[in-house]
Amino acid sequence: MQEKYNFSEIEHKWQEKWLAENIDRADTSSAKPKFYALAMFPYPSGNLHMGHVRNYSIVDVIARYKRMQGFEVLHPIGWDAFGLPAENAAIKNQTPPVDWTWRNIANMRRQLQEIGISYDWEREIATCHPEYYRWTQWLFLEFYKHGLVYKKKAAVNWCPSCATVLANEQVVDGVCERCETTVTKKDLEQWFFKITDYADILLEDLDKLPGWPEKVKSMQRNWIGRSEGVEASFPLEGQAENLTVYTTRFDTIYGVSYVVLAPEHPLVRELVKGTEYEQDVLAFTEKMKGLNEITRTSTEIEKEGLFIGKYCLNPMSGERVPIWIANYVLLEYGTGAVMGVPAHDDRDFEFALKYGLAITPVIQDPACPPEKKEQPLAAAYIDEGIMINSREFDGLPNEEAMEGMADEAERRGVGQRKVNFRLRDWLISRQRYWGAPIPMIYCPKCGTVPVPADQLPVLLPTDVIFKSGVNPITTSESFVKTRCPLCDGEAERETDTMDTFMCSSWYYLRYTDPRNQEAPFSETAVDHWMNVDQYVGGVEHAILHLLYSRFITKGLRDFGYLKVDEPFENLLTQGMVCMDGSKMSKSKGNVVSPEEIIERFGADTARLFILFAAPPERDLEWSEQGVEGCYRFLNRVWRLAVQYRQLVQTGAAQERLFKDLDNPAKEMRRQTHLSIQRVTTDIGLRFNFNTAISAIMELVNALYLYKEQPGFTLEVTQEAMETIILLLAPFAPHMAEELWSELGYSGSVHTRPWPQAAQEALIQDEKTIILQVNGKVRDRIQVPAAISNQDLEAKVIALGKIPEWTQGKAIVKVVIVPGKLVNLVVKG
RNA sequence: GGGCGAGUGGCGGAAUGGCAGACGCGGUGGACUCAAAAUCCACUUAUCGUGAGAUAGUGGGGGUUCAAGUCCCCCCUCGCCUACCA
């Protein structure tokens, strides 16, 4: 055994051995209970960053710990390999995306192997591999077959720079998430997944996920945005048609003083046609179109609107109501038309004030003093109250009136209760090359025809030209020109590819059976491994990826391919890796490369630091000195092993008897088992790896001191050393493995059972009791652990410094917390 | 505007309602050394005190409790998400 900790040599040696033997292979037919540990798979950008290292280290600790606990662990890795950067790189360097991507994967695979994550490499997948995207296409067809995929012309978010459509989720502050170009609107025929059919169940089933952070669930709830309201029909004056509005405050219907439409609302053109208002209205609409998403939807911008010269009738009161258009009404939500109730809505209030529209209160604020009741409102009153100015509903609490009014509207056929969602259907078309082609064919005779499943995959063509602003796939004649599967006539292929969120919405299923050539996965494999027991990734995927994955899982369940309702049983969202207070990123120039750290300190140190510096959910502040501290700690463990080598080796495999231990030995042994207990709960129950590591550090510190004791006990020392190595195995797998073999143990430390805390070792003969007077700590005493409360009380009152504090005062109460504390409450 | 977090030493961070600051970093002192580095040991919230110790102390203010960093109410600051959703 070398005197010095040579991490580089050790790490490479074991990495090669583990890989050659694939010791982390997951066996589907194993009799052990299964555990599926999963990190969100990476985009192969070319290099691993610290965020990856953190993510994978967290999951690796869990995976290794579970293996030692006797579970058969599935811990796979793969590549979310389709996407824009490959294509941009292709344009820039004139290399095909496929080459760029595979080169990046090769490099990142090597980097992953250098941090010693315990993956089953035989299950590695890449979404850009035809054997993978073949099944992504199959998935598309399955959803199509079940009526959950459709094509429609839609005003879509268009990024002029990427020349593609973006999902709402990919537009951030009105600019493209990827290239930060301002997004515009464009009318295009697009493929959609009908996720809205699943809106209710996606919302409801969030309650089935106690293992998810509340934060993520609430983000999904808000995104789905379920609301209950009424769709009311306002008859248009002098026309047969109705104007439909959606409202969640039908109780305020008698307070309507105007109705307002989104400028793009199709009725607007019709209503103003040939009137004196036409020109102004069209000009206003054009102006709105010209504004980008941010300005348009910003609450900061002043409300602006225009009367369009027409009226409709309030379906409840029959009152004549002017029709307006305004910038604050969104076409996409509800019916694109809103009833304006200035007295009880902040936005309507602001609008009415500006344009001098009537403000009629219909709900009385109970807190409003009587003398103010007749005065004009200073602000909209949006809370509960008693109805006024609402005919037969006057005097009722507004919640009650809401029900009555809705009943009446339904009876009279002028309104209908309606549940509305903010969630839109999922637009999956992308006018890009580097993605899974949508398996559809357009035949002049037969129309839109799906590619038969046995003809999959629809391969990406290679005879394409890459240039900015054009979908390269359309430049491949061999791809576009095809034959109709039905009539064999000349036909054309769909040239759009799928949103990469499609590829990542089912990869966790493919891992269960990654080499299956007949199906995306076999029933046996998927039923055996699903659900994912622990999923770990960044909170940035809280909405999109996780919602789409839940949707796809529910669809496949409904089609009969799966049994599970939800894909991810437990979710952990890890914090960012920061430096100097802000997220490590290339643009900020505050990045530390994992490779550099591994070269200088080794993978075990890098892993240990990243797990020790903060609990996993929280942001982590990178600290060079912190890294050195962890390196020092591992060296300290190494030196301990070097010193004890001879001693431990002689007893490595033997049964140990702990008889006639002296006090220091008992204390050392207690420390050992206490550490086992703490590390076990910290990893298994709390995911607090930072405190788990500090518990191991304490054990190491205790052993350093114990060895200085005259006549220390061999068995106790052996047990402590062995425990340190076992507890360290999930965190610093290379060092643990090396020490395990150097100290004469056989086999891999990673296949050893996790140590168990022996209860008898934790028992103390004596305990320290805290003595308080009126809640303040005044003294502490050593007492036999088995002391009775009476004896303890008597002892406390008489002994130590306590009489000093109770002198001349009456003890009114004695609180005893057994084994811990005595509090005397005194008076006078 | 709304939602969710978080405020604890010089720093990262610990504390099932029961000794605030574990562990690590940094700092101080000592040992080893010709010397330095490394290592090992000890100390390290502030104020007062030679000392034993005392007092204060977890963003601010109230409250519940024998006992509050922890539970309840109000307020302040910071971070993230979301945003005219009718």
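The values are calculated or read from the model by the stated rules, or taken from the named source; none is laboratory data. For clarity, every value in this text was computed on a predicted model and none was experimentally measured. Neighbour counts run over all protein chains shown; Cβ positions are idealised from the backbone, glycine included. Keep in mind that these areas ignore ligands, DNA and RNA; they rest on the heavy atoms of the full protein, side chains included. Shrake-Rupley method; radii C 1.70, N 1.55, O 1.52, S 1.80 Å.
Pairs only if they're at least six apart or on different chains, beta carbon under 8 angstrom, first in region A:321-332 and closer than 14 Å to A:ALA283 by Cα and within 6 Å of RNA strand B (Cβ to nearest atom), second not in a strand (DSSP E or B) and not hydrophobic (A, V, I, L, M, F, W, C); list them, first residue then second.
Pairs found: A:ASN327/A:PRO263; A:ASN327/A:ARG296; A:ASN327/A:LYS303; A:ASN327/A:GLU304.
Any idea how many residues of region A:335-379 are surrounded by fewer than 22 Cβ atoms within 10 Å (Cβ to Cβ), within 14 Å of RNA strand B (Cβ to nearest atom), closer than 26 Å to A:SER233 by Cα and not hydroxyl-bearing (Ser, Thr, Tyr)?
6
Answer with yes or no whether A:GLU621 is in contact with a Cys (Cβ under 7 Å, 6 or more places away or on another chain), charged (D, E, K, R) and within 11 Å of RNA strand B (Cβ to nearest atom). Working first, answer last.
Values: in contact with a Cys (Cβ under 7 Å, 6 or more places away or on another chain): yes; charged (D, E, K, R): yes; within 11 Å of RNA strand B (Cβ to nearest atom): yes.
Yes.
Please work out if A:LEU236 is away from RNA strand B (no atom under 11 Å from the Cβ), within 26 Å of A:VAL156 (Cα to Cα) and hydrophobic (A, V, I, L, M, F, W, C).
Values: away from RNA strand B (no atom under 11 Å from the Cβ): yes; within 26 Å of A:VAL156 (Cα to Cα): no; hydrophobic (A, V, I, L, M, F, W, C): yes.
For A:LEU236, the condition - away from RNA strand B (no atom under 11 Å from the Cβ), within 26 Å of A:VAL156 (Cα to Cα) and hydrophobic (A, V, I, L, M, F, W, C) - is not met.
Quick one: how many residues across region A:180-211 are over 26 Å from A:THR164 (Cβ atoms) and either open to solvent by 10 Å² or more (accessible area, probe 1.4 Å) or within 10 Å of RNA strand B (Cβ to nearest atom) (or both)?
8
State all residues of region A:567-612 that are assigned to a loop (DSSP other than H, G, I, E, B) and either in contact with a Cys (Cβ under 9 Å, 6 or more places away or on another chain) or open to solvent by 70 Å² or more (accessible area, probe 1.4 Å) (or both); if no residue qualifies, say none.
Of everything in region A:567-612, those that are assigned to a loop (DSSP other than H, G, I, E, B) and either in contact with a Cys (Cβ under 9 Å, 6 or more places away or on another chain) or open to solvent by 70 Å² or more (accessible area, probe 1.4 Å) (or both) turn out to be A:GLU569, A:MET576, A:ASP580, A:MET584, A:ASN590, A:VAL591.
Checking A:LEU148 against (1) modelled with pLDDT of 95 or more; (2) of a type in the set (A, V, I, L, M, F, W, C); (3) touching a helix residue (DSSP H, G or I) at 6+ places or on another chain (Cβ under 6 Å), which test does it fail?
(3)
Pull out all pairs, ordered by first then second residue, where Cβ-Cβ is under 8 Å, the residues are six or more apart or on different chains, the first lies in region A:620-640 and is aliphatic (A, V, I, L, M), and the second is within 6 Å of RNA strand B (Cβ to nearest atom) and in a loop (DSSP other than H, G, I, E, B).
A:LEU620/A:ALA613; A:LEU620/A:ALA614
Six or more apart or on different chains, Cβ atoms under 8 Å: show the pairs whose first residue is in region A:236-264 and over 20 Å from A:ALA406 (Cα atoms) and open to solvent by 10 Å² or more (accessible area, probe 1.4 Å) and whose second is near RNA strand B (Cβ under 8 Å from one of its atoms) and not in a strand (DSSP E or B).
Hits for this filter: A:GLU264/A:LEU331; A:GLU264/A:GLY336.
Check A:GLY70 against each of (1) modelled with pLDDT under 95; (2) open to solvent by 10 Å² or more (accessible area, probe 1.4 Å); (3) farther than 30 Å from A:VAL642 by Cβ; (4) part of a loop (DSSP other than H, G, I, E, B) and name the one condition it does not meet.
Just one mismatch for A:GLY70, condition (1).
Search region A:678-706 for residues being near RNA strand B (Cβ under 9 Å from one of its atoms) and not in a helix (DSSP H, G or I), and hand back the single one that is most open to solvent (accessible area, probe 1.4 Å).
This residue is A:ARG686.
Look at A:PHE466 and say whether it is assigned to a loop (DSSP other than H, G, I, E, B), open to solvent by less than 20 Å² (accessible area, probe 1.4 Å) and touching a Phe, Trp or Tyr at 6+ places or on another chain (Cβ under 9 Å).
Against the criterion (assigned to a loop (DSSP other than H, G, I, E, B), open to solvent by less than 20 Å² (accessible area, probe 1.4 Å) and touching a Phe, Trp or Tyr at 6+ places or on another chain (Cβ under 9 Å)), A:PHE466 does not qualify.
From the list A:TRP14, A:TRP102, A:TRP18, A:TRP79, which one is out of contact with any Lys or Arg (no Cβ under 6 Å at 6 or more places or on another chain), surrounded by 23 or more Cβ atoms within 10 Å (Cβ to Cβ) and not assigned by TED's automatic domain parsing to the domain that holds A:PRO753?
Checking each option against the conditions leaves just A:TRP79.
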